[in-house]
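Below is one structure, written out as structure tokens; comments come after it.
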Amino acid sequence: MKITVYPDRCCASGRCSDIAPEVFSFDDDGYVRLLRERADDTEKDILDAAEACPTASIEVVLDDPGPR
């Protein structure tokens, strides 16, 4: 899973850091900051945080499992 944040879209609602504080925080201006770009161990929390973001400031790309 690859995580990208877009601070310029952020409205500082704090939902992301409430749901996944080990991955999301806020910078000095109050906008989302990514603590780590890959976080497979907290996948559900990250997906929930991205879904809860009111401004779609978090993009999550799941790893391609390859051909089956």
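Derivation of every value follows stated rules applied to the coordinates shown; laboratory data play no part. Computed from a predicted structure; not experimentally measured. So basically every Cβ, Gly included, is an ideal-geometry build from the backbone, and we count neighbours across all protein chains shown.
Just a few scattered comments:
- Local electrostatic count at ILE3 - Lys and Arg +1, Asp and Glu -1, tallied over other residues with Cβ under 9 Å: +1
- Close amide H contacts of GLY14 (hydrogens built in the peptide plane, cut-off under 5 Å, sequence separation of 5 or more or a different chain): none are found.
- Length gained when the stretch THR4-TYR31 is fully extended (0.36 nm per residue, less Cα-Cα span): 8.4 nm
- Gained length - LEU62 relative to SER13, 0.36 nm times residue gap less alpha-carbon distance: 15.2 nm
- Size of electric dipole in the stretch 2-61: Cβ of Lys, Arg +1 and of Asp, Glu -1, about Cα centre, debye, nearest 20: 100 debye
- Taking VAL61, VAL32 and counting other C-beta atoms within 10 Å, the order from fewest to most: VAL61, VAL32
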